[in-house]
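Following: one structure in structure tokens, then a few remarks.
The values are calculated or read from the model by the stated rules, or taken from the named source; none is laboratory data. This is a predicted model, so every value here is computed, not measured. In this analysis, Cβ positions are derived from the backbone assuming ideal geometry, glycine residues included, and neighbour counts consider all displayed protein chains.
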């Protein structure tokens with residue numbers, strides 16, 4: 001079996017009434033799906049059922065019919081509503097029996113936590129189905145369990161995310177790598193981050209550059225409020241083979257998307273701005289009206305931001321724009337707070353006042369109220385100051401208040417990032 | 001059937017390769033589950049499969065075996081990888097046929113969007129299974145489809161969240177309310193928001209107050225970084241009956257949780273602070289160091305915040321604390337930036353400088369770097385100024401940078417909220 005060429009497939013069964021109510025987002029299912037795909041056993045089916053033994057048995061049976069590996073999560077706790085282990089033991093006809101070694105470990109765990117003795121309820125957690133492999137749980141009392149079922153494998157994991165992830169990344173990963181070996185087809189990814197261009201527009205640029213034979217590479221556009229990631233994926237290749245394919249795509253696609261692209265380890269544009277500022281030896285301050293602190297929050301989300309970010313002024317009220325940033329009262333009166341001249345004075349004013357090289361100014365109408373025919377909701381002026389030179393741009397954004405604020409902040413960060421990366425070399 | 005007493009149940013089938021990769025979180029499944037529970041048809045099973053006709057047929061068959069109503073989402077687009085409609089038509093033996101009325105509506109839609117004619121590919125979207133009811137899609141080209149299957153109902157919805165939600169809240173809700181009528185058992189919820197108390201501590205206070213006969217009410221603790229919501233749910237009652245039960249719980253539980261409780265329509269503490277400030281006729285300004293704009297961002301997330309929020313200073317660098325907020329250089333040198341005296345000067349300084357009644361000051365170590373044995377990562381001073389009187393408190397927070405920042409901001413907002421709601425009545 002180990003040397004069979006057939007690709008191993010996986011199915012996921014998540015158990016829990018709270019998942020059926022839709023109040024708890026099923027992060028375990030998504031995490032397991034990504035981890036199994038990365039390991040090389042892609043998920044072909046996911047099922048969710050409540051804490052009901054007959055439903056669990058039915059779901060595991062369906063999952064076994066669909067895949068070589070079935071991962072079940074949830075319902076391994078010590079209380080009466082945790083029925084997963086018993087249900088699977090019944091389905092597979094593997095009676096539960098007390099595992100003395102596991103019992104000793106659990107008792108030790110409770111002593112280490114300061115209990116005089118283990119609560120009797122937890123004794124059931126030391127019972128394992130006949131023939132099961134026990135997988136160590138570093139973060140809790142419910143161990144993982146792996147059961148060989150004819151040519152297939154059923155794995156039970158606790159539903160607490162930290163415990164599930166710990167077991168998967170610990171003994172389970174080793175077991176799966178050994179058990180499915182050459183039947184695993186790991187996936188390699190290569191991500192190109194863009195911002196400031198719509199998905200459809202990006203596709204228009206990218207599609208004509210793709211090789212007619214795409215080889216083992218698939219392409220996905222992943223859009224959110226901040227931009228669009230272009231993700232290349234290749235399955236069943238070595239890392240070196242995948243890298244060679246990705247390089248071919250980079251050569252074709254890279255040049256056409258360059259104006260909107262940024263590089264950031266965690267995919268965050270603020271991370272890219274901070275790195276660019278640090279490389280250029282420059283520091284920044286921000287002046288925000290409609291974004292109300294979001295631009296500063298984004299920049300300071302990044303660890304180590306104090307190297308390049310000194311602070312800012314949130315000038316929500318016009319009196320603050322005048323008093324703290326030196327915005328002209330007359331311009332405010334004549335042009336209004338949402339105007340090119342005010343945005344420019346905010347960016348320049350905060351950079352001068354805080355004694356730094358770069359400034360950002362944002363002023364606009366985030367809504368839902370406050371729009372007028374001339375300045376509707378979504379009208380946002382963004383200004384950047386760099387080494388004394390100011391540039392400003394008017395955006396017309398769509399969406400609700402949150403979307404307008406997120407897009408405004410992203411565009412402000414993007415505009416300063418472009419200027420720092422293109423002007424820094426030829427700066428004063 | 002309409003007057004049968006048996007409760008209607010639902011199953012959800014979500015279709016899409018991207019859902020199996022785990023890269024896309026399945027928000028449709030959670031949204032549908034909540035909406036169906038609220039409507040009164042609880043979900044008993046969820047399945048996810050890829051864009052493969054045989055898998056889709058299998059999943060819909062399993063779902064029909066489990067529930068009275070099957071909602072399928074995804075795979076209704078016009079391209080070759082959208083196979084859901086054909087798969088379901090084949091499974092139920094309902095051949096597709098062109099719906100002339102629907103075709104005319106689609107063509108009109110494309111003309112309205114400025115196309116000279118509809119792309120030929122979209123013609124397939126006007127094909128419907130024999131006997132299907134077409135559900136209008138206000139936001140896109142793929143209509144919803146409802147099919148009677150013996151005593152059950154199968155509904156197909158597009159996977160784009162806005163389109164799915166629009167159809168559900170539009171014609172589908174009406175259809176389901178009529179079709180399942182007295183078999184629906186709507187759920188009523190009553191939520192009590194708390195912040196500043198751990199889930200386990202809250203449970204210790206709440207559990208002894210619960211009636212021994214809980215009646216039709218179930219209780220859930222819903223924790224996140226900002227606090228714990230206590231949610232009461234009651235099924236199968238009229239609104240008035242549910243309200244009577246909730247009032248009994250309020251009478252018992254309300255008094256013991258009052259010190260940590262807040263009232264906010266959308267569950268956001270900043271919303272509660274803004275309302276309390278507005279009611280007291282007071283305005284606020286903020287001075288932030290480690291939270292870097294997050295407190296201001298939270299306050300301005302709330303529409304209409306300009307009524308109570310004037311602005312703030314992000315004093316990341318110590319020079320900004322001195323120059324913009326009047327923090328004493330000597331105190332900074334002697335006590336350090338993360339100290340009671342600096343937090344207090346920040347809160348008082350920003351309120352005085354901005355000419356408002358209330359100020360918030362936050363200074364701490366968000367990590368991952370910057371901690372020392374005396375001031376470890378997670379040490380955060382919070383100060384509030386109200387009508388000239390300053391209070392400060394040292395927090396010891398756990399978690400990563402994001403968690404420490406989120407908790408700091410929440411605690412700062414909470415402390416001012418408590419003061420405004422308790423002191424405003426007896427203020428100057």
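What the table shows:
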| quantity | calculated |
| --- | --- |
| Helices (runs of 4 or more DSSP H) within region A:237-340 that include 2 or more residues under 23 Å from residue B:365 (Cβ atoms), away from every other protein chain (no Cβ under 14 Å) and at pLDDT 95 or above | A:269-280 |
| Residue within region B:357-368 that is farther than 21 Å from residue B:196 by Cβ and in contact with a strand residue (DSSP E or B) (Cβ under 7 Å, 6 or more places away or on another chain) present | yes |
| Checklist (1) away from every other protein chain (no Cβ under 14 Å); (2) under 28 Å from residue A:320 (Cβ atoms); (3) at pLDDT 95 or above applied to residue B:361, failing item | (1) |
| Selection status of residue B:405, crowded, with 19+ Cβ neighbours inside 10 Å and touching a strand residue (DSSP E or B) at 6+ places or on another chain (Cβ under 8 Å) | no |
| Condition check for residue B:278: surrounded by 18 or more Cβ atoms within 10 Å (Cβ to Cβ) and under 26 Å from residue B:353 (Cβ atoms) | no |
| Those helices (runs of 4 or more DSSP H) lying entirely in region A:5-93 with at least 1 residues buried (at least 21 other Cβ atoms within 10 Å of the Cβ), more than 14 Å from chain B (Cβ to nearest Cβ) and out of contact with any helix residue (DSSP H, G or I) (no Cβ under 9 Å at 6 or more places or on another chain) | A:84-92 |
| Scope region B:96-136; condition touching a strand residue (DSSP E or B) at 6+ places or on another chain (Cβ under 7 Å), assigned to a loop (DSSP other than H, G, I, E, B) and at negative phi; matching residues | B:99, B:130, B:132 |
| Qualifying positions in region A:160-178 - in contact (Cβ under 8 Å) with a residue 60 or more places away in the chain and over 20 Å from the mean Cα position of the chain (by Cα) | A:173, A:176, A:177 |
| Tally of residues being at pLDDT 90 or above and outside any helix (DSSP H, G or I) across region A:198-213 | 1 |
| Residues (surrounded by 21 or more Cβ atoms within 10 Å (Cβ to Cβ) and closer than 24 Å to residue B:219 by Cα) located in region B:254-275 | B:262, B:269, B:272 |
| Residue among A:186, A:223, A:216, A:208 that is in contact (Cβ under 8 Å) with a residue 60 or more places away in the chain and surrounded by fewer than 19 Cβ atoms within 10 Å (Cβ to Cβ) | A:186 |
| Residue that is nearest to the chain's Cα centre (by Cα), among those in region B:144-159 that are touching a residue at least 60 places away in the same chain (Cβ under 8 Å) and surrounded by 19 or more Cβ atoms within 10 Å (Cβ to Cβ) | B:159 |
| Pick from region B:343-373, criterion buried (at least 20 other Cβ atoms within 10 Å of the Cβ) and over 33 Å from the mean Cα position of the chain (by Cα), ranking: farthest from residue A:304 (Cα to Cα) | B:354 |
| Count of region B:68-102 residues which are within 16 Å of residue B:148 (Cα to Cα) and touching a residue at least 60 places away in the same chain (Cβ under 8 Å) | 8 |
